[in-house]
Amino acid sequence: MAQARTVGLRMTPAQRRRRLLKNIWDSRYMYLLLLPGVLFFAMFRYVPMYGIQLAWKEFTANLGVTGSPWVGWEKFRFLFAEADFWNSLRNTLVIAGMQLLFVFPFPIILAILFNEVRQAGPKRVMQIVLTFPHFLSWVILSSIIANLLGNNGMVNNIIVAMGGEKVNFLMNKAVFRWLLIFSLMWKESGWNAILYMATITSIDPSLYEAATIDGANRWHKVRYITWPGIATIVTATFILRIGSIMDAGYMQVLNLYNPAVYEVGDILDTYIYRITFEKAPDYGVSTAVGMFKGVVNAVLMLTAEFVSRKFNGEGLF
Amino acid sequence: MTAQARGQGALHAGKSKLNRMTFTDVWIMAFLVFFSLLVFYPFYNSVLISITPQAVYIREPFMLWPKALDKSSYQYVFENKAIWSGMITTIQITLIGTAYNVFLTVTMAYALNHSFPGKKFVIAFIMFTMYFSGGLIPTYMMIKDVGLMNTLWAMILPSGVSISYLMVMRKFFQSIPEEVEESAKIDGANDLIIMFRVVLPLALPMVITFVIYYGVERWNEWYNGLLYIKSASKMPLQLVLRQIVQNSQSIQASESMQEAGITPFGDGIKMAAVIVTMFPVMVLYPFLQKYFVSGLTVGAVKG
């Protein structure tokens, strides 16, 4: 490698260009293999970006995206005066914050507990059960939740049987956010625990043996061996989650919420969806919300990447 | 578990104290079993509702086992034309879509595991889309402008490469020894032949893992359908389910039921539709779980 570099330094520009051309020719099959993927990213990730200009335009269908007149920052001014926008921003941050507080730590606890279980059979069965919901869509899960918590559902019938009053969970502002939190734990805890369990498995078993000989009890081992062993991956996932705090579960909310709980459940993504496809849409305002979210998101993700490099010595991706 | 690890377990068993169920062990087990039952019961309950007659369900909605069986909910679901057309659409999306996903991901990951001029630019080109995207409306306008609206392709083409899967696949290619490729190269094979004939067969377990991941995602497709599909006959299964569940008026007695004087059992039909929709995942999952998990662990444990 070092030798190749010194050879490169001694080459004339013409030689260097010829070598580059030869490298490109030698890599022709690599470019061929890249082509389909690159075309995909160009077509479905980059081309749509031309539509971003709509945030500064008064869109009229017959004039098209490029033909519609410019209106400056009018859409953003309108947006920042909308109470619904601020409400959805607040909900996004509150719900994502609750997820960080409750949904994030639970799989770590699960993984540590699973590591203490030595009966291989029951452990495997429980893991299959716990990871299963991850592979179902929110359409399916919300159908099951609506049935379970509905007016004639099992939960209400138990409440009535115990002498309580029926609760309309899905339309109740006081419980809706908790419904989001618990249903997310139901879906993802087992799956997210796998990541931590795999990391725990890679901890050197001799550490545990040595600790046992030194008289460490179970709690000591969790505190001084298991926890330090997974701390890096926990920090990385935590930073990643902070970086995507503007995502509070679009698909989940879109399937579970209804007008009765917009006040506490409407998040930025569902707000964009609502103003785009309900009533009289203003594409300019919708795009402006998307722009707002996209820019904040990008800044947060770049910060997360920076913080991760600083603390863990490597980037997130 | 390797034979060696099992041997170690036996060694511990010899030291008796380590393998006895202590008080803490019992509590940990109890908690995990309780949580597993909590996760499991809603699915089991849905199955029970779908096979129970309405009268029995109303009397006793908290069931541990079915007191009486009734197949009318499934009959209703299978007489529903929307379910069938949804199933056909979803099968098409799953087959074509998964092939498209895996092809794009594998070719790209393979190339990115080699060095070539401009590689840094290609990586930046891909990574940028993680940080910033056009958003809902711009994507919607683009699908509209290229004439994909209300076609099967609108649900297939926009989801091509998942960047996290791409990274895991590349990491897996990295783990295959370079000598494998080098010796094939000496034999005069070009990169394409090496990839398809030499490396891919070695990477087959990983490729299968991604076939399954993408396949499940495709089976779960509904959102692009919600955005881009206007005609009911082209809706994917999950979207049909969503409409059945969210719109109770959509459940009406069929002709044969009217003749027999039966009122449809709404909850039973909804749950039967749920079970039918999740059936392939439900049946295959326990057998394929090791593939599901392997994709995650390759990506997690950084080498």
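The values are calculated or read from the model by the stated rules, or taken from the named source; none is laboratory data. These numbers come from a predicted model, not from an experiment. So basically every Cβ, Gly included, is an ideal-geometry build from the backbone, and we count neighbours across all protein chains shown. For accessibility, only protein heavy atoms count, side chains too; no ligands or nucleic acids. Shrake-Rupley method; radii C 1.70, N 1.55, O 1.52, S 1.80 Å.
Take each residue of peptide B:139-147, count the partner chain Cβ atoms within 10 Å of its Cβ, and average: the result is 5. Dividing the radius of gyration of the alpha carbons in chain B by their Kirkwood radius gives 1.07 for Rg/Rh.
B:F62 to B:M87: FRET efficiency via 1/(1 + (r/R0)^6), r the Cβ-Cβ distance, R0 25 Å, to the nearest 0.05? Calculated value: 0.20. Label-to-label distance for A:K279 and A:A260 is 2.1 nm, based on points extended 7 Å past Cα in the beta-carbon direction.
Values of log10 I(q)/I(0) for region B:22-117 across q = 0.11 Å⁻¹ run -0.71, by the Debye formula with one identical scatterer at each alpha carbon and no solvent.
Cα centroids of region B:111-133 and region A:112-128: 40 Å apart.
Estimated purely from DSSP H runs of n ≥ 4, each contributing -39500 (n - 2.57), the mean residue ellipticity at 222 nm for chain A is -21000 deg cm²/dmol once divided by its residues.
Can you give me the Cα centroid spacing of region B:35-94 and region A:55-96 in angstrom? If you average the Cα positions of each part, the centres end up 43 Å apart. With a 1.4 Å probe rolled over the protein heavy atoms of all chains, the accessible area of B:E181, B:E217 falls in the order B:E217, B:E181, largest first.
Helix content alone sets the calculated 222 nm mean residue ellipticity of chain B: runs of n ≥ 4 DSSP H residues at -39500 (n - 2.57) each, divided across all residues, give -22000 deg cm²/dmol.
With springs only between Cα atoms under 10 Å, which of A:V129, A:V253, A:V234 fluctuates most in a Gaussian network model of chain A? It is A:V129.
Please list the three semi-axes, largest first and in whole Å, of the ellipsoid equivalent to region A:2-67, using sqrt of 5 times the eigenvalues of its alpha carbon gyration tensor.
They are 45, 16, 10 Å, listed from largest to smallest.
Residue by residue along B:154-162, Cβ atoms of other protein chains within 10 Å of the local Cβ number 3 on average.
Can you figure out the FRET efficiency of B:K120 with B:L37, using R₀ = 35 Å and their beta-carbon distance, to the nearest 0.05?
Efficiency, rounded to the nearest 0.05: 0.10.
Phi angles across region B:212-218 convert, under the Karplus curve 6.51 cos²θ - 1.76 cosθ + 1.60 with θ = phi - 60°, into 3J(HN,Hα) values of 5, 4, 5, x, 5, 4, 5 Hz, Gly and Pro given as x. Identify the residues of region B:84-126 with backbone N under 16 Å of a label point that sits 7 angstrom from the Cα of A:R19 along the Cα-to-Cβ direction, or state none. Backbone N within reach: B:116-118. Residues in region A:75-91 carry Karplus couplings, in order, of 5, 5, 4, 4, 4, 5, 9, 7, 5, 4, 5, 4, 4, 5, 5, 4, 4 Hz; the curve used is 6.51 cos²θ - 1.76 cosθ + 1.60 with θ = phi - 60°, and Gly or Pro positions show x. If R0 is 60 Å, the Cβ-Cβ spacing of B:A232 and A:E116 corresponds to a FRET efficiency of close to 0.70. Measuring nothing but protein heavy atoms, the accessible surface of region A:76-312 at 1.4 Å probe radius is 66 percent carbon and sulfur. Taking chain B as a Gaussian network, Cα atoms linked when under 10 Å apart, which of B:I28, B:I275, B:I96 shows the biggest mean-square fluctuation? Top of the fluctuation ranking is B:I28.
Quick check on the protein assembly as shown: what are the equivalent-ellipsoid semi-axes from the Cα gyration tensor, as sqrt(5λ), descending, whole Å?
So the three semi-axes of the protein assembly as shown are 41, 37, 25 Å.
Rounded to the nearest whole Hz, the Karplus-based 3J(HN,Hα) values (6.51 cos²θ - 1.76 cosθ + 1.60, θ = phi - 60°) of region A:205-213 follow the sequence x, 5, 4, 5, 4, 4, 5, 4, 4, with x at glycine and proline. When the alpha carbon gyration tensor of region A:239-317 is reduced to an equivalent ellipsoid, the three semi-axes, largest first, read 30, 15, 8 Å.
For A:K57, the residues whose amide H sits under 5 Å from its own are A:V71, ignoring neighbours fewer than 5 places away on the same chain, with H placed 1.01 Å from N. Here chain A yields Rg over Rh of 1.08, to two decimals, using C-alpha coordinates and the Kirkwood radius.
For the pair B and A, the buried accessible area comes to roughly 8700 Å² in total, with a 1.4 Å probe and the value rounded to the nearest 100. A probe of 1.4 angstrom, applied to the heavy atoms of all protein chains, finds A:R90 with accessible area near 130 square angstrom. Annotation: lysines with alpha-carbon distance below 25 angstrom to A:K22 (same-chain offsets under eight excluded): B:K119, B:K120, B:K185. Report D for region B:113-236 in µm² per second (integer): Stokes-Einstein, Kirkwood Rh on Cα pairs, 37 °C, 0.692 mPa s. Using the Kirkwood radius from Cα pairs, D works out to 187 µm²/s.
Can you tell me the relative contact order of region B:81-303? Whole percent, Cα pairs under 8 Å, sequence separation 6 or more. Could the numbers behind the result be given before it?
On the way: 182 pairs, mean separation 74.8, N = 223.
Computed over region B:81-303, the figure is 34 percent.
Shielding value for A:113-126 is 4, the average number of Cβ atoms from other chains within 10 Å of each residue's Cβ. Between B:K71 and A:Q53, the modelled label-to-label distance comes to 6.1 nm, taking each label 7 Å out from Cα in the direction of the beta carbon. Straight-line reach from B:K234: taking Cα to Cα under 24 Å and skipping same-chain neighbours fewer than 8 places apart, the lysines in range are B:K81, B:K144, B:K270. Counted residue by residue at 0.36 nm each, then reduced by the alpha carbon distance between them, the extension gain from B:I193 to B:S164 reaches 7.8 nm.
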